[in-house]
Amino acid sequence: MPAHLAVIMDGNGRWAKARGLPRVMGHRAGVEALKTTLRLCSDWGIGALTAYAFSTENWSRPGDEVSFLMTLFERVLQRELGALEREQVRIRFLGDLEALPQRLQELIVEASERTEKNKGIHFNVCTNYGGRHELVYAAQKLAERAARGELDPALIDENIFAAELFTAGEVDPDLLIRTSGERRISNFLLWQLAYAEIHVTNVFWPDFDVVALTKALVDYQSRSRRFGGLEPNKRLDNTNALEPTAVRHLGA
Ligand code: IPE
Ligand code: IPE
Ligand code: MG
């Protein structure tokens, strides 16, 4: 099993259009797919789920779609916080949060604080997140420390750099899933995805379910990860691998 799964939840608008519905109904349906995915990841022992909810580029969408999304994030967070707490989920929001509406920022602080000691899955929601912004922001923080004389620039290495990213403390994603058939990264986790396996599915995000997730995991388990070497570097502890019978049972 991947220790960390990242998902680019794409295709909400096309899902809605195919049903003759307004785009925003696709976003609403997408929330249900995210809840299902989080629960499955948690049940199957995946340590972290990082989901791309809103990119720094998504502000360029029509104003009414952007406001619908912000209101949706607020409502869902308010409604689901109790369940997240009970289910031991540790939720965090990654991105430039200061640009978000005030009420959403308050809910984010509350949700992060109320779940920070939880021992279950790490659930990271990338909101106003951009990979390039994250890298520039990390560089700024390191430069400030160097300018204050607290850090010798010659000592900056990959670990020190990664510690300034929003994902500090999290292992890099092993598997990236992108739905809706698009074969691009769209400014997501540019640093962290360096050696992630990539699974693209044509399924639109609101239709992403147990079968689609199982297919992605089985695809992941068939990969030979070499990390630049010649030997497949398989996880030593492979006891979590999905049993073929379980996969058949799930209809994949
Ligand atoms: C992904 O679905 C959700 C967000 C980017 C917020 P889209 O809204 O991009 O759906 P499509 O790609 O237009 O179908
Ligand atoms: C990526 O989807 C961002 C999120 C899923 C939040 P987009 O729909 O914004 O990406 P592009 O525009 O197709 O690259
Ligand atoms: Mg899209």
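The values are calculated or read from the model by the stated rules, or taken from the named source; none is laboratory data. Because the structure is predicted, anything quoted here is derived from the model rather than measured. We place every Cβ from the backbone using ideal geometry, glycine too, and count neighbours over all the protein chains shown. The accessibility values were calculated without ligands, DNA or RNA, using every heavy atom of the protein model including side chains. Shrake-Rupley method; radii C 1.70, N 1.55, O 1.52, S 1.80 Å.
At-a-glance table
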{"read-out": "Portion, in percent, of the accessible area of region 112-218 that falls on carbon or sulfur, probe 1.4 Å", "value": "52"}
{"read-out": "DSSP H segments from the chain that extend 27 Å or more along their own axis, Cα-based, with Kyte-Doolittle mean of -1.0 or above", "value": "23-43, 63-86"}
{"read-out": "Extension gain (nm, one decimal) between residue 102 and residue 117, 0.36 nm per residue minus Cα-Cα", "value": "2.9 nm"}
{"read-out": "Projected label distance in nm at residue 79 and residue 202, using a 7 Å step from Cα toward the beta-carbon", "value": "3.1"}
{"read-out": "Highest to lowest packing among 120-128, 148-156, scored as the average C-beta count within 10 Å", "value": "120-128, 148-156"}
{"read-out": "Residue (of 22, 9, 50) at the positive-pole extreme of region 8-165, dipole from beta-carbon charges", "value": "22"}
{"read-out": "About the Cα centre, charge dipole magnitude for the chain (Lys/Arg +1, Asp/Glu -1 at Cβ), debye", "value": "800"}
{"read-out": "5 Å-binned pair-distance histogram of the chain (Cα, whole percent)", "value": "1, 6, 12, 16, 19, 17, 13, 8, 5, 2, 1, 0"}
{"read-out": "Local electrostatic count, residue 160, Cβ distance below 13 Å [Lys/Arg +1, Asp/Glu -1]", "value": "-3"}
{"read-out": "Extension gain from residue 223 to residue 156, taking 0.36 nm per residue of separation minus the Cα-Cα distance", "value": "20.8 nm"}
{"read-out": "Mean accessible surface per residue for region 1-129, computed with a 1.4 Å probe while every protein chain stays in place, in Å²", "value": "46"}
{"read-out": "Label-point separation in nm, residue 66 to residue 163, each point 7 Å along Cα→Cβ", "value": "3.6"}
{"read-out": "³J(HN,Hα) computed for each position of region 14-22 - Karplus, 6.51 cos²θ - 1.76 cosθ + 1.60, integer Hz, glycine/proline x", "value": "5, 4, 5, 4, 4, 9, x, 9, x"}
